[in-house]
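Here's the structure we're looking at; comments come further down.
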Amino acid sequence: MPIPFLLAGLGVAAGVIGAGGHLSAKETNERAQRVSQDAQELYNNAKYTLELAQNKTEKALVKLGYDKKGVLDTSMNQFLTTYDKVKHIQVKESVGIHEFSKFSIDQQGAIEIREMTNIYSSSFASSATGVAAGAAVALAASGALPIITGELALAGSALAAGEIGMAAGAAGSALSFGAAMTPLAAVAAPVILFTGISASMKADENLEKANTMYAEAEAASEKMKISETLCGAITERSEMFDDLLGDLNKMFAECSGLLAGVVRKKEGRVFKKKLTSEDFSEEDLKLIAVTRALAGAVKSVIDTPILSKDGNISYEAEDVYDQTVEKLPDFSQAVQEAKTINYDVKPITAKAASASHDSKSNTSDGTTVMSGARRVFAVVMGFILATSFAEKIAISVTNDINKFLFFDSFTANKIAI
């Protein structure tokens, strides 16, 4: 019910009570106190249920945000590395994946994904928990492009400068649904200031004041119920997108790892060649096409905003979800067909682009061991080759295997080594 009508109705009620004149000042003050308490209870109950809904929405958005970031760091990162080597390869219509063409990622899409990954990495990597969680909420709710030029970029800059407090104010506030970078402020609870009933005031004034507070609390409660409904819709949409992203990424990761293995084999491990269409069979080209299409579908799920700018559920998100879900069976069939083909390669497992401290230490240790092994191998090979060449030098210069100028061949060998 609109506030003016509420106030008008309560005002009439108060007038009737006043006109009756049969209530004592004490009774009127007691009634005013009860109305004031009822107003606070009404408001607090509505605020409590809204906060429960917000908390559930928060968790759903943070999970979706971190899952999006996980895809960006693993399968998408692996695909982009491979994509740079095959983006010029033309895939013919005869490959049989025309139905996926509208999903296929292009060079501009790859650039957008890289920009998004770089910006969010700076925020997720922060030691400030609120900043990372705020980035997750922003990534889940608003997608990518509105954020790249918005306040999350500002938060990233603040982090780079070491201004954690400023960054928490920009990105971290997204977690409490108050950030300008997302429309989640629309679900915030209205603030009502309750003031106590003063014993020094006239009884009628106290009752009027209490009735006004109740009307305001009732209006705020209605607004919070609307926000609670919106929270429920956001939670449901977040979970739907999270499930869809999981289904897509399972197929995408399989194809991306397989394609990475095929490309590595084609280009060679040491002297890497520039690949052309002639290097790929019809089955290889179909794998490229399917992986590109899956990358495009994953990108659309990641960067499509769940909420519109005015804070409502986005129609764009609904369309993207429906269109992608409709194609899931086709994607699944194409992936199964690709997996039945023997490419004579081992799929490469995608590794996270940004590793934790422990994994970095392990990687560093592994690198040190490998480097040491390579050095030992180099010394052994150098000794063998130098010995062989030094002996040949001694023979070619002196025609005598035992003499090289005024050195014997053993000394010459040592110098060569």
task = Mind listing whichever residues of the stretch 307-342 are of a type in the set (Phe, Trp, Tyr) and exposed (fewer than 13 other Cβ atoms within 10 Å of the Cβ)?
result = Tyr315
ask   = Which residue, of Glu58, Glu41, is acidic (Asp, Glu) and over 26 Å from Asp303 (Cβ atoms)?
value = Glu41
Pairs where the first residue, in the stretch 265-293, is within 21 Å of Asn77 (Cα to Cα) and the second is surrounded by 12 or more Cβ atoms within 10 Å (Cβ to Cβ) and among the polar types (S, T, N, Q), C-beta under 6 Å, 6+ apart = Thr291/Ser256; Arg292/Ser104; Ala293/Ser104
request  = Search the stretch 46-74 for residues being of a type in the set (S, T, N, Q) and farther than 21 Å from Pro305 by Cα, and hand back the single one that is least open to solvent (accessible area, probe 1.4 Å).
outcome  = Thr74
message = For the stretch 244-297: of the residues being over 24 Å from the mean Cα position of the chain (by Cα) and of a type in the set (Val, Ile, Thr), which is nearest to Leu139 (Cα to Cα)?
response = Ile288
message = Could you go through the stretch 21-36 and let me know if any residue there is modelled with pLDDT of 90 or more, open to solvent by 50 Å² or more (accessible area, probe 1.4 Å) and closer than 24 Å to Asp303 by Cβ.
response = no
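Quick grid of which residues meet (1) touching a Gly at 6+ places or on another chain (Cβ under 8 Å); (2) within 14 Å of Leu64 (Cα to Cα); (3) surrounded by fewer than 22 Cβ atoms within 10 Å (Cβ to Cβ):
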{"site": "Ala219", "(1), (2), (3)": "no, no, yes"}
{"site": "Lys225", "(1), (2), (3)": "no, no, yes"}
{"site": "Thr229", "(1), (2), (3)": "no, no, yes"}
{"site": "Thr235", "(1), (2), (3)": "no, yes, yes"}
{"site": "Phe241", "(1), (2), (3)": "no, yes, no"}
{"site": "Leu244", "(1), (2), (3)": "no, yes, yes"}
{"site": "Asp247", "(1), (2), (3)": "no, yes, yes"}
{"site": "Cys255", "(1), (2), (3)": "no, no, no"}
request  = Please tell me if Ala185 is within 23 Å of Thr304 (Cβ to Cβ), modelled with pLDDT under 95 and open to solvent by 40 Å² or more (accessible area, probe 1.4 Å).
outcome  = yes
remark   = Checked against (1) crowded, with 21+ Cβ neighbours inside 10 Å; (2) of a type outside the set (A, V, I, L, M, F, W, C); (3) outside any helix (DSSP H, G or I), Lys272 satisfies every condition except (1)
inquiry  = Exactly one condition in (1) under 19 Å from Thr304 (Cβ atoms); (2) modelled with pLDDT under 80; (3) buried (at least 16 other Cβ atoms within 10 Å of the Cβ) is false for Ala140; which is it?
reply    = (2)
For Ser300: the one exception among (1) open to solvent by 60 Å² or more (accessible area, probe 1.4 Å); (2) under 31 Å from the mean Cα position of the chain (by Cα) = (1)
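May I ask you to verify whether Glu254 is within 24 Å of Thr304 (Cβ to Cβ) and in contact with a Pro (Cβ under 8 Å, 6 or more places away or on another chain)?
Yes, satisfied.
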query = So how many residues does the stretch 262-291 have that are closer than 23 Å to Gln333 by Cβ and of a type in the set (Asp, Glu)?
reply = 3
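The values are calculated or read from the model by the stated rules, or taken from the named source; none is laboratory data. All figures in this text were calculated on a predicted structure; none of them were measured in a lab. Note that we place each Cβ from the backbone using ideal geometry, even for glycine, and neighbour counts take in every protein chain shown. Remember, those area values only see protein heavy atoms, side chains included, never the ligands or the DNA or RNA. Shrake-Rupley method; radii C 1.70, N 1.55, O 1.52, S 1.80 Å.
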